[in-house]
Each structure stands twice: as C-alpha cells, then as structure tokens.
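Laboratory data are not the source of any read-out in this text; all were calculated from the coordinates shown. This is a predicted model, so every value here is computed, not measured. In this analysis, Cβ positions are derived from the backbone assuming ideal geometry, glycine residues included, and neighbour counts consider all displayed protein chains.
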Amino acid sequence: FYLTLLGEKASERVRSAAVPYVRPISSGQQSFGTTPSEYPLTKPMTKTTAKLQASGEAQYTDDILKQEGELYGAFVTTTQ
C-alpha cells in the first residue's frame, strides 16, 4: 500500500513490489491406477460427506451455538 502511494518516489529497487502480480489460471489433474486383486482398496470412491462439505452445508463443532453450562474436555496422556 505504502509503495503504491509513493509511486515514482520509491526507490527503483523496491518499486516492483507495488505492481500487482497477476497469476495465470492454473489447473491440475491426478490419476491413480486400480489393481483388481486389491479391490476395494484401490478403487476410487467418493467420500460420503464430500457434497455436504463442498456446498457449505456440512455442520462442524464450531458452527453449533454454545449452550449454557457447556463443558469442555481434553485427553491428557502420560508415561508415568
């Protein structure tokens, strides 16, 4: 922000930091082979909650309103 305000007054060494960097659209692809003898381990399967999570409909613990008198717990482990 500051470099943008300075414009030509900024040193030439840092001036390029004020120019917005436009990234090209990226893409990717991943594929896995299947081994019939190891079925169903290598068979691609859609995660059962994928559609709920991708659509934003999934409800997580932090999404639930706090209740009066609500308690919290945590596991504590020790070797002694």
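Quick notes
- In this label model, Thr4 and Thr79 are separated by 5.3 nm, measuring between points 7 Å along each Cα→Cβ vector.
- Counting only aspartates and glutamates at least 8 places from Lys9 when in the same chain, there are none with an alpha carbon closer than 16 Å to its own.
- Comparing mean-square fluctuations of Tyr39, Tyr21, Tyr60 from a GNM of the chain with C-alpha springs under 10 Å, the top value falls on Tyr21.
- Label corresponding to P(r) over Cα pairs in 5 Å bins from 0, in percent when calculated from the structure given, among (i) 3, 14, 25, 26, 18, 9, 4, 2, 0; (ii) 3, 8, 8, 7, 7, 9, 9, 10, 12, 12, 9, 5, 2, 0; (iii) 3, 12, 19, 21, 19, 11, 7, 4, 3, 1, 0: (ii)
- A Gaussian network model of the chain, with springs between Cα atoms under 10 Å, assigns the largest mean-square fluctuation among Gln53, Gln67, Gln30 to Gln67.
- With 0.36 nm allotted per residue and the present C-alpha distance subtracted, the Val22-Thr48 stretch has 5.7 nm of extension available.
- Whichever lysines have a C-alpha closer than 29 Å to that of Lys43, once near sequence neighbours (fewer than 8 apart) are set aside: Lys51
- When the chain is treated as a GNM with alpha-carbon contacts under 10 Å, the residue of Thr35, Thr46, Thr61 showing the greatest mean-square fluctuation is Thr61.
- Over the chain, DSSP H runs of length four or greater, each weighted -39,500 (n - 2.57), average out per residue to a 222 nm ellipticity of -3000 deg cm²/dmol.
- About the centre of its Cα atoms, the chain shows a dipole size close to 460 debye [charges on the beta carbon of Lys, Arg (+1) and Asp, Glu (-1) only; nearest 20 debye].
- Look at the dipole of the chain built from charges on Cβ: of Val14, Ser31, Tyr2, the Cα furthest out on the positive end belongs to Val14.
- With 0.36 nm allotted per residue and the present C-alpha distance subtracted, the Leu71-Thr35 stretch has 8.2 nm of extension available.
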